[in-house]
Amino acid sequence: MPVKTIEWTGSALRIIDQTRLPTELMYMECRDVETVAEAIESLRVRGAPAIGVAAAYGVVVGADEALRQGGDFRARVERGIERLARTRPTAVNLFWALNRMRRALGGSAGRPAEAVRGALLNEANTIFEEDRAICRQIGRNGMGLLRDGATVITHCNAGGLATADYGTALAVIYAAAEAGRRVGVYADETRPLLQGSRLTAWELKQSGIDVTVICDNMAGTVMRQKGVDCVIVGADRIAANGDVANKIGTYGLAILARAHDIPFYVAAPVSTVDVSLSSGEQIPIEERKAMEVTEGFGRRTAPEGVKVFNPAFDVTPHTLITGIVSERGIARPPFEPTLRAWCE
């Protein structure tokens with residue numbers, strides 16, 4: 001990838017501040033838990049896998065903070081984990097990563113604080129490296145879905161900016177391109193915060209992929225007129241039956257794909273699958289501040305005092321999904337047996 005979204009410097013978590021893209025490529029260093037938590041809440045770092053990796057390193061940041069402050073080291077680290085768990089409710093990768101860090105903390109009982117800090121860093125590094133490998137495998141598993149000359153629509157950002165390295169939905173596109181196939185991408189701008197036009201278009205352009213930005217409400221016309229081969233999106237949580245929570249607007253895109261007889265694929269790591277939830281109706285959906293809609297980029301675009309409904313995600317029913325690509329392979333309907341087997 002042309003940039004490093006997340007990096008451990010040895011003493012701090014270094015991330016790209018994605019709120020500044022595409023006009024500024026700016027990095028920030030996080031040296032305390034609150035800074036990491038704020039970065040997740042404000043979408044400076046976003047995308048389900050990247051949130052998980054950032055939170056894991058956030059626990060290490062919390063351990064360093066606890067060492068500096070003294071007192072009850074384990075209690076301070078636990079409080080840091082609890083703070084990070086309150087940042088965003090929908091992406092299950094956050095809780096998956098924090099649970100792994102909590103187990104690493106518990107497995108170091110009786111050891112000196114410095115040794116515990118080392119165990120936490122080892123676990124965070126493992127999560128980071130696993131995510132890199134998983135993204136590459138998702139790409140390899142999904143690239144066969146794209147013929148030479150394929151045209152794809154994607155929504156939001158599920159690329160290197162949303163993961164430790166290579167992306168999920170975009171990993172399929174990158175892998176196909178690296179195999180010599182020509183792929184064109186229509187990137188939904190993704191209202192209200194424009195992750196498609198600001199982030200997906202930016203990283204695809206950086207990587208030399210043919211990309212065209214469209215407004216979200218243009219997708220149906222593009223499907224009808226431009227010979228779209230498939231839709232590929234990422235996911236923030238996948239229920240046992242295959243219902244998928246992803247960035248708001250994904251559900252509508254899936255309905256349009258069905259109406260135009262276009263395959264609709266989801267690409268995500270197995271860590272995004274939550275088999276404890278039987279369906280998408282149980283997935284908690286984050287609602288964000290009204291100002292993201294009324295004045296998201298500094299200029300007011302709606303009347304003062306108007307009511308706003310701003311869910312960050314929606315749920316696409318499994319009945320609209322053609323396949324789910326993970327590092328374990330491609331699941332096809334009925335999804336539940338395969339998803340449960342992946343999670344065993």
Estimated D of segment 290-344 in µm² per second, where Rh is the Kirkwood radius over Cα pairs and Stokes-Einstein applies at 25 °C, 0.890 mPa s
167 µm²/s
Share, in percent, of DSSP beta bridges within the chain that are antiparallel, nearest 5
45 percent
Considering the Cα positions of segment 18-175, please state its Rg to one decimal place and its Dmax as a whole number of Å.
17.2, 61
Taking a virtual spin label 7 Å from the Cα of Cys343 along the C-beta vector, which residues in segment 34-63 bring their backbone nitrogen under 17 Å of it?
49
Of Gly118, Gly80, Gly58, the most mobile residue in a GNM of the chain (C-alpha springs, cutoff 10 Å) is Gly118
Note: segment 141-343, point scatterers on Cα, Debye, no solvent; log10 I/I(0) at q = 0.09, 0.12, 0.14, 0.17 Å⁻¹ equals -0.32, -0.58, -0.79, -1.14
Total formal charge among the other residues, if their Cβ is under 11 angstrom from that of Arg14, Lys/Arg +1 and Asp/Glu -1:
-1
Rg and Dmax of segment 235-344, using alpha carbons, in Å: what are they?
16.2, 51
Run lengths n ≥ 4 of DSSP H only: what is the helix-derived mean residue ellipticity at 222 nm for the chain, with -39500 (n - 2.57) per run over all residues, to the nearest 500?
-12000 deg cm²/dmol
Which order results if Lys205, Lys247 are arranged by neighbouring Cβ count within 10 Å, fewest first?
Lys205, Lys247
Residues with beta-carbon under 11 Å from that of Glu29, excluding Glu29: net charge, scoring Lys, Arg +1 and Asp, Glu -1?
-1
Considering only segment 141-343, percent of DSSP beta bridges that pair antiparallel, nearest 5
35 percent
Just to be sure I understand: with springs between alpha-carbon atoms less than 10 Å apart, which residue in Gly167, Gly305, Gly71 has the highest mean-square fluctuation in the Gaussian network model of the chain?
Gly305
The alpha-carbon center of segment 278-344 and that of segment 3-33 are separated, in whole Å, by 25 Å
Two-site label geometry, Thr212 and Ser279: point separation in nm, points 7 Å out along Cα→Cβ
3.8 nm
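No lab work stands behind these numbers, since they all come straight from the coordinates. Just so we're clear, the structure is a prediction, and the values are computed from it rather than from any experiment. Here Cβ is always computed from backbone atoms with ideal geometry, including for glycine, and neighbour counts include all displayed protein chains.
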